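In what follows, a single structure is set out as structure tokens and then discussed.
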Amino acid sequence: MPVAKKRAEKYTCSDYLTWPDDERWEIIGGEAYNMTPAPGIKHQNVVVNFTRIIGNELKGKPCRPFVAPTDVVLSNHDVVQPDIFVVCDEKKITEANIQGAPDLVVEVLSPATALKDKREKRALYERSAVREYIIIDPIELYVERFVLKGKRYGESEIFGPQEVLPLTSLKGIDITLWEIFEVAAPDASDQKPQPGEGQ
């Protein structure tokens, strides 16, 4: 997990804004994290596929999807660039960045950032009240999802590549994970019934 720019004082959003535009950094808890190297092809394929599907589903709805590198300012010491996120409160959307917690955040794992996504970012999104946090592993082909219950995330849920992921933060939107991972669709007889089906 790349960490840099160590110093006694915590870095702030003001510090972040002075750093070169051709470098990608995040600040979590006042520590600076270098976002290089660039993600691989499998990572980017998942980002593109998820963004396409959720973008189509959100047409005509008040919620808006975004992709990195878009700054999300969660506090003066926390500025991140999630791979994919959705904001339903238009007051949080400014010309420069997003001010406040998105409703949904999706991080796609890369070798260089996997630990940060699972540990530092999970804790950050929880305390920032991100309603739903999804981690996608493009190599092992699984999805881990956390849903906010009160002020804490409940137990994580795991979904495989031939399952449907129903989004809790965006009611009525289901993500067919075989399209995200570009694998064969399941036989109809193999699919698990979703909540409410057949009732």
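No value in this document is a laboratory result; all are computed from the given coordinates. Please read these numbers as outputs of a predicted model, since none were measured by experiment. Cβ placement follows ideal geometry from the backbone for every residue including glycine, while neighbour counts extend to all protein chains displayed.
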Quiz item: Can you pull out the residues in region 103-132 that are touching a residue at least 60 places away in the same chain (Cβ under 8 Å), over 14 Å from LEU74 (Cβ atoms) and in contact with a Phe, Trp or Tyr (Cβ under 9 Å, 6 or more places away or on another chain)?
Solution: LEU104, VAL108, THR113, LYS116
Practice problem: Name the strands (runs of 3 or more DSSP E) wholly inside region 1-100 in which the number of residues that are β-branched (Val, Ile, Thr) is 1 or more. | Solution: 25-28, 64-67, 72-75, 78-80, 84-87
Quiz item: Has region 164-173 got at least one residue that is farther than 23 Å from THR70 by Cβ, under 16 Å from the mean Cα position of the chain (by Cα) and hydrophobic (A, V, I, L, M, F, W, C)?
Solution: no
Exercise. For THR36, state whether it is of a type in the set (Ser, Thr, Tyr), touching a residue at least 40 places away in the same chain (Cβ under 8 Å) and either surrounded by fewer than 16 Cβ atoms within 10 Å (Cβ to Cβ) or touching an Asp or Glu at 6+ places or on another chain (Cβ under 7 Å) (or both).
Key: yes
Quiz item: Among ASP89, ASP78, ASP21, which is the only one that is surrounded by 17 or more Cβ atoms within 10 Å (Cβ to Cβ) and of a type outside the set (Val, Ile, Thr)?
Solution: ASP78
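Specify the residue that is surrounded by the most Cβ atoms within 10 Å (Cβ to Cβ); the eligible residues are those in region 120-173 that are assigned to a strand (DSSP E or B) and among the basic types (Lys, Arg).
If we take residues in region 120-173 being assigned to a strand (DSSP E or B) and among the basic types (Lys, Arg), then ARG145 is surrounded by the most Cβ atoms within 10 Å (Cβ to Cβ).
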